[in-house]
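The values are calculated or read from the model by the stated rules, or taken from the named source; none is laboratory data. Just so it is clear, the model here is predicted, and its values are computed rather than measured. When we count neighbours, we look across all protein chains shown, and the Cβ atoms used for this are built from the backbone with ideal geometry, even at glycine. When the accessible area is computed, the model is the full protein with side chains, heavy atoms only, and any ligands, DNA or RNA have been set aside. Shrake-Rupley method; radii C 1.70, N 1.55, O 1.52, S 1.80 Å.
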Amino acid sequence: MKILKKRININSKDYQVEAPEDISLLWLIRDHIGLTGTKFGCGKGLCGACTIHIEGRANRSCLYKLKDLKDEQITTIEGISEKDQHPVQVVWNKFQVAQCGYCQSGQIMTAIDLLKRFSKPTKDTIRKEMKGNLCRCGTYPRIEKAIEALLKEDRS
Amino acid sequence: MKTDRKFFSRRTFLITSGAVTSGFIIGFSKLGKNQEKEDVEEFEPNGWLKIDKDGRATIVFARSEMGQGISTALPMIVAEELSINWDDVEVKYASHDPSTYGNQGTYSNSSVISSWHQLRMAGAAARHMLISAAASTWHVKSEDCRAENGYIVHVKTKRKLYYKDLIFTAAKLPLPQEINLKKNKDFKLLGTSPNRVDSIIKSNGKALYAIDIDIPQMHFATVLRPPFGSEILSFDTNGVKEKFNLIDVIQYKYGIAVIARDTWSALEARKLIALKTKKNIRVNSSEIKKELKKAVRKEGVPLFKEIRDQSETKSIKKISLEYFFPFSPHLTMEPQNSTALVSKKYCEVWAPCQKPEKVIEDISKEIGIEKKNIKLNLTLIGGGFGRRYESDYILDSVLLSQYYSKPVKVIWDRDEDIAHDWYRPASVNKITALIKDEKIHEWDHHVVSPSINIQRDNISRSVYQDQQPVIGCQPNYPIKNRISRYTHKQYPITVGWWYGPDSKNRFACETFIDFVAKTLKKDPLHYRQFLLQENNWRESATLRAVLEKVASMASWNNGEGKKKGHYQGVACVYECDSFVAHIVEISISQGKPIIHDVYCAVDCGLALHPDIVRSQIEGGILWDLSAVLYMGVDFQNGQARQSNFHDQPILRIDESPRIHVEILESSDTPRNIGGGFAAGAALANAWYRATGKMVTQLPMKNNVF
Ligand code: FES
Ligand code: FES
């Protein structure tokens, strides 16, 4: 397999990587860069645990190959806020969403994207947009409540 | 403060104390067997606390946090008795150290109850010593002093001394001879819901799971096991070694291992490797099902029999149903993984683990390193549910690290996880009930299934001396004549503990009650209340209370939903010491159930942290709905036919109902949170109400829709 040498930008920091051209961003980020907040759940785009932002949009990093990356900016869960003050993080904490927590990086990254794309999502929109993110611990009711609360706060 | 007087017994409560440079430590390492009703040897909790010279307490959490909130709730127990501000507490995760902490296993939501008394004693012992320290400083009596939020106050003069100023005096004091525990009404922290200690790290990517461990120089590996009942004859790498620049592909004790320079290469290469196997035993789900069904029609061995009414049985009606339950997987979100560093004499391991003692023993047996030279690091666990009782995925990295003399991290792909789980056993259940005067005269429940204990632990005792396979076979109602029978069948498919392993038996019971009610033309909820009227069973009153509560929450009306076209089903359960009643409201769209609302009334005793109790209940409900709707792996030639979340789905957020929870507290000690175990039965009962069809084959998907 061809090895690519490339400069990539993650969380506003440049990294020089040298990795197989087909490697998914998931494992590039975890094993080569060492940022482990992005999680592996299925490797097939079925669970959402590996969600990151590419140019601000949610993407499943297990499906995105290194060679398809041009010079897009990547954001992982570690990069959404320096002091854990991103509104989604704050509301997640307020509603005590996480149980085992394993799926939560992905949930948060998808929720941030959703809130960028919809200014007033309905309950149904929230459920539809979040449905690709699985949670085995059953945190769905709190995810829904947290997002709704955030929307209310924003409006007031 | 009014306190309960509990005498300190040296036999069960050895305390060591001593001044250390950073503060005052109380170890309570030899707490002995707990006196709660737990009968298994595993429930022997431990821990220690430390107060530093700034007055901050470090409380050690020595179990495993899998999302059940115990890394918050357990230290809160210590902090309460210690009388310290929760903000001044830091929780430290212990690594596995049985000589300090004893048993560190984390099983079936039971850690709170098994730790309750000992953790209180530990906190209270420290409080006593601090009080004595203050009293001796002031030359007053201890009885005239009180602990409050991090200081001791002399009640008469209102003088105060902060813990930070007392630690050195306290550390030199003799151990308290008797310990007074607080009265519940004096609790300030317990019963409140501070944020979980692990909540921030679980929202910023900093939470470290075993899968995130990074050791310099480590190899990345994955494994491929042969199908159940088969052995590997040879394998074809199809050129993956060169293609992915792998370090190695080898056959090892349990299958094929792919060793690479990153996980991606290992996982991709594994997909291309072809196994040539020899079938030793046929393993086909359809045949297994047939065999189980055939056996259920025979008698079975009564493991439990209680006949209290041998009166005339002439006017009796006999009804009966057969159920089928598939092999059900755990599907923890964090896939199975482990990292090991093995040298000649020493082994260090990182792994998600619910049963450290067993893992260490298994490792020791596997590679011949002494137990005391094996260090197991406990990390956060990305979902346990019983899957992390096993050592299989841990032995992988241990063997490979030993072989390569390098640190090795092994991560299983999702298809390996689904194909080599330790499933809730498949089972065919048959319930036969005799009905007399509108009551259930006899309940006869026959289970045909593999046995977890026999198969998993190779226990040599007779299969029919172990009650486990029939736990949950008797319903929650006082019935005079009760028989639970068992027929043992074994297959080369691994079976194990699964969140509520007896949940299938309870599902059968609680749906069968609806079948009885319908036969008698009774409202199923009222019929349950009617059965519970007889007070010859001590749990009846509490079950009645949760049923009554849930009925009012859901505005129960004989199964009519709140909206037109909606139907409700009810189920209740007494399990793990908790009483739970559910009402599930559904409608049917395109032949599928849409679950709108789940109402749940729970009595799990004193709720130490009500919000964590709620989240556990929410999780339990959704787990159980997933189980009944979707869970089931089947096998062809020993190979699982499901491989990932597309063909072995779990409930998604857009299918997730609104959940309404009410917590009743009927006792002043905490009990296990067993929530969730009847939600699936309530769903099936709602389906029965809506369609007239009993759900007797699980999962519902592919069987009823
Ligand atoms: S790991 Fe990428 S979607 Fe599951
Ligand atoms: S919090 Fe455990 S999988 Fe979502």
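Observations, loosely collected:
- Calculated [θ] (222 nm, deg cm²/dmol) that DSSP helices of n ≥ 4 give over chain B, each run adding -39,500 (n - 2.57): -8000 deg cm²/dmol
- Rounded to the nearest 20 debye, the dipole magnitude of the protein assembly as shown is 720 debye, with +1 charges on Lys and Arg beta carbons, -1 on Asp and Glu beta carbons, and the Cα centre as origin.
- Global geometry of chain B, whether rounded, prolate or oblate, following the gyration tensor of its Cα atoms and the 1.5 cut on a/c: oblate
- Within 10 Å of each Cβ in B:212-223, the average number of Cβ atoms from other chains: 1
- Taking label points 7 Å from Cα along the Cα-to-Cβ direction, residue B:236 and residue B:160 give a separation of 7.9 nm.
- Accessible area expressed per residue, the stretch A:3-79, with surrounding protein chains retained (probe 1.4 Å, Å²): 40
- Estimated FRET transfer efficiency (residue B:54, residue A:83; beta-carbon r; R0 22 Å; 0.05): 0.40
- Counting DSSP beta bridges with both ends in chain B, the antiparallel % (nearest 5): 75
- Burial here means at least 50 square angstrom less accessible surface with every protein chain in place than with the chain by itself, probed at 1.4 Å; in the stretch A:85-107 the buried residues are A:93, A:96, A:99, A:100, A:102.
- Magnitude of the charge dipole, the stretch B:219-287, Cβ model with Lys/Arg +1 and Asp/Glu -1, debye to 20: 160
- Cα centroid of the stretch B:549-589 to Cα centroid of the stretch B:205-250, whole Å: 47
- Within the stretch B:274-416, DSSP assigns beta bridges of which about 60% are antiparallel (rounded to the nearest 5).
- Buried area at the B-A interface (accessible, heavy atoms, 1.4 Å probe, summed, Å²): 4800
- Using a simple spin-label model with pseudo-atoms 7 Å out from Cα toward Cβ, residue B:286 and residue B:641 lie 0.8 nm apart.
- Report note on the peptides B:508-521, B:155-168, A:115-128: ranked by the mean count of other C-beta atoms within 10 Å, highest first, their order is B:508-521, B:155-168, A:115-128.
- Derived scalar couplings ³J(HN,Hα) [the stretch B:346-362; Karplus, 6.51 cos²θ - 1.76 cosθ + 1.60; whole Hz; x for Gly, Pro]: 9, 9, 10, 9, 10, 6, x, 8, 9, 9, x, 4, 5, 4, 5, 5, 5
- Modelled this way, with points 7 Å down the Cα-to-C-beta line, the labels at residue B:541 and residue B:273 are 6.2 nm from one another.
- Protection proxy ranking, highest mean first, for peptides B:82-91, B:172-181, A:83-92: B:82-91, A:83-92, B:172-181, where packing is the per-residue count of other beta-carbon atoms within 10 Å, averaged.
- Between residue B:142 and residue B:188, the FRET efficiency from the beta-carbon distance, with R0 = 22 Å, is close to 0.60.
- Converting phi to 3J(HN,Hα) with the Karplus coefficients 6.51, -1.76 and 1.60 and the offset θ = phi - 60°, the stretch B:491-498 yields 10, x, 9, 5, 10, x, 6, 9 Hz in sequence order, with x at every glycine or proline.
- Amide H contacts for residue B:495 (H built 1.01 Å from N in the peptide plane; partners 5 or more residues away or on another chain; cut-off under 5 Å): B:423.
- Pairwise centroid distance, computed over Cα atoms, of the stretch A:1-47 with the stretch B:321-364, Å: 27
- Residues of the stretch A:25-54 with an amide N closer than 16 Å to a point placed 7 Å from the Cα of residue B:654 along the Cα-to-Cβ direction: A:46-48.
- Carbon and sulfur %, accessible surface of the stretch B:138-226 computed with the full protein complex present, 1.4 Å: 55
- Per-residue mean of foreign Cβ neighbours for B:327-335 is 5 (Cβ atoms of other chains, 10 Å radius).
- Whether the stretch B:549-674 is rounded, prolate or oblate, judged on the alpha carbon gyration tensor where a/c under 1.5 counts as rounded: oblate
- Total charge dipole magnitude, chain B, about the Cα centre, Cβ charges on Lys, Arg, Asp, Glu only, Debye to nearest 20: 780
- Residue-count net charge about residue B:149 - beta-carbon cut-off 9 Å; Lys, Arg +1, Asp, Glu -1: -1
- Those residues of the stretch B:370-406 for which accessible area with every protein chain present is at least 50 Å² below the isolated value (1.4 Å probe): none
- For residue B:182, the residues whose modelled amide H falls within less than 5 Å of its own, excluding neighbours fewer than 5 places apart on the same chain, are B:4.
- Whole-percent carbon and sulfur share, accessible surface of the stretch A:3-79, 1.4 Å: 41
- Peptide A:37-50 is shielded by partner chain Cβ atoms: per residue, an average of 6 of them sit within 10 Å of its Cβ.
- From helices alone, chain A scores -9000 deg cm²/dmol at 222 nm; the rule is -39500 (n - 2.57) for each run of n ≥ 4 DSSP H residues, then divide by the residue total.
- Amide H to amide H, with H built 1.01 Å from N, residue B:83 comes under 5 Å of no residue 5 or more places away or on another chain.
- Note on residue A:44: accessible area is roughly 110 Å² with a 1.4 Å probe, heavy atoms of protein only.
- Pairs beyond 19 Å (Cα-Cα), from B:289/B:504; B:504/B:592; B:564/B:592; A:6/B:271: B:504/B:592; A:6/B:271
- The fraction of accessible area contributed by carbon and sulfur in the stretch B:508-598 is 48 percent, rounded to a whole number (1.4 Å probe; ligands and nucleic acids excluded).
- Ordering of B:572-578, B:334-340, B:60-66 by burial proxy (mean other Cβ atoms within 10 Å per residue, highest first): B:334-340, B:60-66, B:572-578
- Of the residues B:631, B:591, B:105, the one whose Cα sits farthest toward the positive end of the charge dipole of the protein assembly as shown, with +1 on the Cβ of Lys and Arg and -1 on the Cβ of Asp and Glu, is B:591.
- Take chain B with all the other protein chains still there, run a 1.4 Å probe, and you get 38 Å² of accessible area per residue.
- Overall form of the protein assembly as shown per C-alpha gyration tensor (a/c, 1.5; a/b vs b/c): rounded
- Of all DSSP beta bridges in the protein assembly as shown, antiparallel share, percent nearest 5: 75
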